[in-house]
Amino acid sequence: MVEEQKQKQQRFRETIQRQREKLPIYASKDELVAHIEQNETVIILGETGSGKTTQIPQFVYERMMTMKKENKNNNTEFESNFPPRKEKGTMVAVTQPRRVAAVSVAKRVSQEIGDGGKLGDLVGYGIRFDDCSSEQTRIKFFTDGMLLREALNDPLLSRYGAILVDEAHERTLQTDFLLGTLKAIQEKRRMNILEKDDDNDNNNNNNKRKKRKKRPPPPPLKLIIMSATLDASSFSDFFDACPIIYIKGRTFPVETYYLKEPEEDYIDAALCSVMQINEDEKDIKGDVLVFLTGQEEIESLGKLLTQRGKDTYPQLNVVLLFAAMPAEEQMKVFEETPKGTRKIVLATNIAETSLTIPGIRYVVDTGLTKMRTFKAKSGVEELKVVPIARSQATQRCGRAGREAPGKCYRLYTEDTMFSLAEQVVPELLRTNLAGVVLMLKAMGVNDVLTFPFIDKPSTEGLLRSLELLYSLGALDDKGELNKIGRQMSKFPLEPMACKCIIESRNQKCTEEIVAILAMLSTENVFVGRTIQVAKHKTGDHMTLLNLYADYSKVSRNGKKKWCNSHGVSFRAMNKAEKIKEQLSRSIGHIEDWDEDEEKDEEREGEEKEEKQEKENKSVRIRKALTAGFFMNAAKKESISDGSGGGSNSMFVTLIGGNRLFVHPSSTTFHKFSSRETAKEAVGISSSYIIFNELIRTNKLYARDVSVIEGEWLTEFGSRVFGTQR
């Protein structure tokens, strides 16, 4: 039995190796390794299907192992970059912009490298709220943001001899920030080695007194930037004219179809397209990938297809894929399609380039995506649906031709295709930079205006971010990071959410705030339009807290059944539980958290404590939320005309004066959708709200809303609103 198992494993390894050798990039292995040896930074443009994502990390690791065996005393630059196992620079890091790609690629590389697909040993990963690695891990896959967070504790990233940044063309905020950080780290590591050489010369010339032995600096950092499509020349210029290597891919022809006339209801058009494909191609194997803009659309279309696809042949096997899903749920897209069925993958742009879903022969492209934009002048950040860029359309179409000839159905006209922007606007140029600035400050970069970004963000945007951090109390009057700012930087959340946690200590509601933020960090917890749980009169945050508290009381075995009976997503609640645990651990890592609390209590005295105990818990929780989200405050101004569909209270943001409405998904929507006053509707005398997010469709909507008192804004936002409201 043991011998049979060994033979089976050997056959599997041989099969994997044959698959590797068939990839286009494998023929260029020696050339690639030579370029990496000779240059500190290399850009690799690998076409779709080339194998760059899975193979190059292994090439680098295998070369490291080979050189150690060949000659341990070889002092070439590349050898110094891969010293013995216990020294600095012994690991290879690979970054991906998305969690699902980091996990799925790590699993594949683990299989190929002979680790049996067992993650956490030789190959591991680190994503937000989940780390799967050990002391034995030598190749670690990250999301960009998680490697940046590691740089907070280790500014030189000294564990890594080589870092590979994949999918650089997506130009996400974290990717561009990471590249600027890595360039600075490369320079620092070079300088450390020069300083070490100077120290050695001084020691040789002057041995009058013994010096304490210093730990050796990390070796030079190799950086490999990988992409399918990229403006490579600007990246090369940024990294001192580093070489660009082109690798051919392996793709099959894809027939492209356009609409003759524009279609407003793209969800219905996508539904009809999938059903038509399944009917017309029923004798041809192949799965369908549909690109949509977000979770709500995906779940809505998923239900329709599941209902319509029961009596078809092949039967439709609907699989969902979006960023907020737990990693284990996302992995279902890679499962083999059951016989007699056709897999229909409904995905956001997560499926454009970050991962390859096996079996896809047909692509349905709505031509739309959700994009977050920030207007520095008004301070408003919006999430809105916008047309994709031509480069994205090309990538989506290419998904149909990875394994065989395919077809792409674009739900827009050919004229629309040629009117699209050529490339995606880098996220760094269109989003709120407060989180980036906080991390820069935590890394010791005081002058953020001079930080080396590939595309420099506007000075106005950076200054607005500094102003936000100052208003949150994270910066002192000199613009330097203070104690509160350092504590905020410990959490993998946006600065406003971090400040809520800091204030929760003063309001004695840390457990509750962490639970609320965990719920907000997951996907939509409610299934369907009808909410089967008790709504709190003050709004969404307290409703989410009540839901989490009720869920926590249910036994482990009964949680799924409880969720089903209450119209709640078990998947989302399970994820929220894990996030809460992670955030609680982060609090435990703040050394002076308990000490500060004791000092505050001594300073404020028993009178404050008694007052807090008398206050309603809801008040204390909403105060902590206001301490973080006071910039997202709005006041009820008027009530719109109720003719033809009911009335709805209009709000105006206190920063920027933007008109908005409460989103229909909010538990406060019906409270503000009549001519009642806020007092009558909610039971408290206030016309002020805070919100977590703005989304624009036909109007500007606030989501995740709670009613607050106006005086809290001056209590916690005095640097913005003054002392009276």
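The values are calculated or read from the model by the stated rules, or taken from the named source; none is laboratory data. What you are looking at is a predicted structure, and each value in this text was computed from that prediction instead of being measured. All Cβ positions, glycine included, derive from the backbone under ideal geometry; neighbour counts span all protein chains shown.
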Got at least one residue in segment 34-45 being assigned to a helix (DSSP H, G or I) and more than 30 Å from Lys188 (Cβ to Cβ)? no
Residue that is at pLDDT 95 or above and either closer than 30 Å to Glu264 by Cβ or in the same structural domain as Asp154 (by TED's automatic domain parsing) (or both), where the choices are Gly406, Gly401, Gly435: Gly406
Only residues that are surrounded by 18 or more Cβ atoms within 10 Å (Cβ to Cβ) and among the small types (Gly, Ala, Ser): list them for segment 112-125, please. Gly124
Cβ-Cβ under 7 Å pairs, at least 6 apart or on other chains, segment 138-162 side over 11 Å from Ile127 (Cβ atoms) and not assigned by TED's automatic domain parsing to the domain that holds Gly180, far side at pLDDT 95 or above and buried (at least 24 other Cβ atoms within 10 Å of the Cβ): none
I need the full set of residues from segment 469-480 which are at pLDDT 95 or above and touching a helix residue (DSSP H, G or I) at 6+ places or on another chain (Cβ under 7 Å), in order please. Leu469, Tyr470, Ser471, Leu472, Gly473, Ala474, Leu475
Taking the residues in segment 432-461 that are closer than 18 Å to Gly656 by Cβ and not charged (D, E, K, R) as candidates, determine which candidate is surrounded by the fewest Cβ atoms within 10 Å (Cβ to Cβ). Ser458
Scan (1) charged (D, E, K, R); (2) within 25 Å of Asp166 (Cβ to Cβ); (3) surrounded by 22 or more Cβ atoms within 10 Å (Cβ to Cβ) for the single condition Lys370 breaks and write down its number. (3)
Being modelled with pLDDT of 90 or more and surrounded by 18 or more Cβ atoms within 10 Å (Cβ to Cβ) is true for just one of Val109, Val100. Which residue is that? Val109
Give all pairs with beta carbons closer than 6 Å in which a residue from segment 308-333 that is without any contact (Cβ under 8 Å) to a residue 24 or more places away in the chain meets a residue that is in a strand (DSSP E or B); count only pairs at least 6 apart in sequence or on separate chains. Lys332/Val319
Here are some conditions: (1) in a helix (DSSP H, G or I); (2) surrounded by fewer than 16 Cβ atoms within 10 Å (Cβ to Cβ); (3) modelled with pLDDT of 95 or more. Glu279 meets all but one. Which one does it not meet? (3)
Give the number of residues within segment 108-135 that are farther than 17 Å from Met91 by Cα and either in the same structural domain as Phe334 (by TED's automatic domain parsing) or assigned to a helix (DSSP H, G or I) (or both). 3
Across (1) under 27 Å from Ala376 (Cα atoms); (2) of a type outside the set (D, E, K, R); (3) modelled with pLDDT of 80 or more, Thr723 clears everything bar (3)
Taking segment 102-120, which residues are in contact with a helix residue (DSSP H, G or I) (Cβ under 8 Å, 6 or more places away or on another chain) and not basic (Lys, Arg)? Val103, Ser104, Val105, Val109, Gln111, Glu112, Ile113, Gly114, Gly116, Gly117, Leu119
If you go through segment 625-642 one residue at a time, how many are modelled with pLDDT of 90 or more and more than 16 Å from Ser471 (Cβ to Cβ)? 3
Applying the selection to segment 696-725, what residues are closer than 23 Å to Leu545 by Cβ and not in a strand (DSSP E or B)? Glu709, Gly710, Glu711, Trp712, Leu713, Glu715, Phe716, Gly717
Which one of Gly444, Gly435 is under 24 Å from Thr172 (Cα atoms) and not in a loop (DSSP other than H, G, I, E, B)? Gly435
Single residue of segment 651-676 satisfying the filter (hydrophobic (A, V, I, L, M, F, W, C) and modelled with pLDDT of 90 or more) that is nearest to Lys636 (Cα to Cα): Phe651
If we ask which residues in segment 255-275 are more than 11 Å from Tyr409 (Cα to Cα) and assigned to a helix (DSSP H, G or I), their number turns out to be 6
Can we say Lys332 is assigned to a strand (DSSP E or B), within 26 Å of Thr522 (Cβ to Cβ), of a type in the set (Lys, Arg) and touching a strand residue (DSSP E or B) at 6+ places or on another chain (Cβ under 6 Å)? no
